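Visitor: Sharing a structure below in C-alpha cells format, with a few things to ask.
The values are calculated or read from the model by the stated rules, or taken from the named source; none is laboratory data. Note that the coordinates shown come from a computational prediction; the quantities given were computed from them, not determined experimentally. Because the Cβ atoms are built from the backbone with ideal geometry, glycine has one as well, and the counts that use them run over all protein chains shown.
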C-alpha cells in the first residue's frame, strides 16, 4: 500500500516539475511509423551498451532542457552497436562505430542532420531545437563539419603569378 502511494506521489511530483523522460525505441521501423503518425521527427542515437546514447553528449549526462525536448518533440531511437542488428543498422546509417546522431525531418523520410562522434550538450540542444521546428523544410542533410588542421601554407602561396611579356608574331620587319 505504501509503495503504491509513494509511486503515485513521485509520478505527481515529476509531472508537476515537468521532468519528462524520452521513450526509447529499439525498432527503427516501428519508430519511423510512429513518427509519421504523430508528425514528429526521429532522433536516432548510435552507441554501444545499455546507456550508450549518453555518449553522444561529450560533457556528461543530458540536462533537463534536453530530456524535455526529446520527450516532447521527438521519437527517440537507440541503436546499440553491441547487438548484431544494431551493427547492421548503424552501418546503413554510415556510423559503423558510435557515438553518432541522425535526425529526420517531420515526415520521417529525409535525414535533416547526420553526425559522427560526440557533441557538447549545448551543440546537441541547438541542433535538436533547430530540427524540432515543424515548419522547417529540409532540402539537404546537414553533416558535422570535418575539421582539418594544416601546418602548411595554402597552395596559392607556393606559386608566383606569371607575368607575360608581349609576344610579336610576324615576319622579319616587313609591313602588315
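Visitor: Restricted to segment 72-85, and to residues that are closer than 19 Å to residue 50 by Cβ and touching a residue at least 24 places away in the same chain (Cβ under 8 Å), which residue is farthest from the chain's Cα centre (by Cα)? I'd like the intermediate steps shown before the answer.
Guide: Initially, segment 72-85 is screened for residues closer than 19 Å to residue 50 by Cβ, giving 76-85.
Filter once more, so that each one left must be touching a residue at least 24 places away in the same chain (Cβ under 8 Å): 76-82.
On the way: 76: 12, 77: 13, 78: 13, 79: 14, 80: 16, 81: 17, 82: 20 Å.
The selected residue is 82.
Visitor: Separate question: Please work out if residue 94 is modelled with pLDDT under 95, within 20 Å of residue 131 (Cβ to Cβ) and over 20 Å from the mean Cα position of the chain (by Cα).
Guide: Working: modelled with pLDDT under 95: yes; within 20 Å of residue 131 (Cβ to Cβ): yes; over 20 Å from the mean Cα position of the chain (by Cα): no.
No: the conditions fail for residue 94.
Visitor: Only strands (runs of 3 or more DSSP E) wholly contained in segment 12-125 count here; list those with 1 or more residues that are surrounded by fewer than 19 Cβ atoms within 10 Å (Cβ to Cβ). I'd like the intermediate steps shown before the answer.
Guide: Details: elements: 42-47, 75-80, 100-104, 111-116.
Counting at least 1 such residues, we get 111-116.
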